[in-house]
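K.L.:
Below: one structure in structure tokens.
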Amino acid sequence: TYRRLTRGKERDVNSPYYVLLHDMPNPEHTSMVYREFIMGHLLGWGNHFSQKIWDRRGVLRELWPLRPDRMQVFRKDGLRQYIYTEMNGNKRTFRQEDIWHIPAFGFDGLVGYSRITLARNAIGLSMAAEKYGSHFYKNGANFDIAITHPGSLGDEAFKHLNESVKEQHTGVDNSHKPMILEEGMSIEKIGIPPDDAQFIETRRFQLGEIARMFRVPPHMLGDVDRSTSWGSGIEQQELGYLSHTLRPWLKRIEQGAQKDLLLESERKDIVIEHLVEDFLRTDIGARMAAYVSAITNGIFTRNEVRERENLLPIDGLDRMLMPLNMTTVDGPEKKP
């Protein structure tokens, strides 16, 4: 939480919003846990709802998460209203100003849509492949077989043969055992081999499909076999993840907090933002080289760099440095 200055902004650690968003939104949850609530609700259901609690002076003090699957949103007299079904089945109505609502992408301007709902066909195919693979290995990684008999089997003989095959040749532990056939019976495999069914390729494709659905780079899901368009190295892929995956969600949350948590009179003075510098931290050599460049060109003071590295300030390191052989474009000309 920042407070705007004439030029720039500064952290407003004394603001109630700073404690609310940076430390503890309520007595039970830390800020990190609450952010996980927000993202889990947005990705799983497409909406996040929080109940706002004020103190007697009208200062927002607490935020409590509400289950998205229990919330109904509708518009009445031009204003949003929310009906929440509590655990005991009772319904409770909230006014628009009582709820912090962050919707994901949607079409009606009221609610957002779940990524899972939008991509349910891809997820269904992945679940079907998972179920297929489970049965495939449960049955000893063998496809169905047909046992033919030259004659006609009675009920008792058919039952005995069926139970014998299941008992002796079903399951991974019984795979590759020889099968003894009698009375001129023959055995034949039916179906298609796994290579033709492209089972492994289907599983890999579905991994990529779900990664695309949530905009997650493949290396974060353990898929490092193929080339990727996220970048040429892990660092570049992390930057791509920040720009294309996290940034839209962070902006959605920031703007939602700016709109729903702040009073109208406060919006021109207070700014709510996420800090993403940790995602941009490179190896220590490159980071120190960047710091040296920033210090010598008057971008950072030495104490500002120490603060970024979680070090205490030192007296005398708050003044800007600049090279002696540089001046401003309108500075005086050197005398010959």
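K.L.:
Quick check: net charge around A104, other residues with Cβ under 11 Å of its Cβ, Lys/Arg +1 and Asp/Glu -1?
P.N.:
Here the charged neighbours net out to +2.
K.L.:
Moving on to the next point. In a shell of Cβ-Cβ distance under 10 Å around L79, excluding L79 itself, what net charge do Lys and Arg (+1) and Asp and Glu (-1) give?
P.N.:
Around L79, the surrounding residues sum to +2.
K.L.:
To continue, here is another question. What percent do you get for the relative contact order of segment 35-100 when only Cα pairs under 8 Å and 6+ apart count?
P.N.:
Result for segment 35-100 is 26 percent.
K.L.:
Sticking with this structure for a sec: Report D for segment 56-119 in µm² per second (integer): Stokes-Einstein, Kirkwood Rh on Cα pairs, 10 °C, 1.306 mPa s.
P.N.:
After rounding, the answer is 118 µm²/s.
K.L.:
OK, next. Place the peptides 65-75, 40-50 in order of packing, highest mean first, counting for every residue the other Cβ atoms within 10 Å and averaging per peptide.
P.N.:
Ranking the peptides 65-75, 40-50 by packing returns 40-50, 65-75.
K.L.:
Counting other C-beta atoms within 10 Å, and keeping those with at most 14, which DSSP coil trypsin sites (Lys or Arg not before Pro) do you find in segment 232-269?
P.N.:
R267, K268
K.L.:
Determine, for each peptide in 87-94, 110-117, the mean count of other beta carbons within 10 angstrom over its residues, then list the peptides with the highest first.
P.N.:
Listed from highest to lowest mean packing, they are 110-117, 87-94.
A short reminder: the numbers here are calculations on the coordinates, not readings from a lab. Note that the coordinates shown come from a computational prediction; the quantities given were computed from them, not determined experimentally. So basically every Cβ, Gly included, is an ideal-geometry build from the backbone, and we count neighbours across all protein chains shown.
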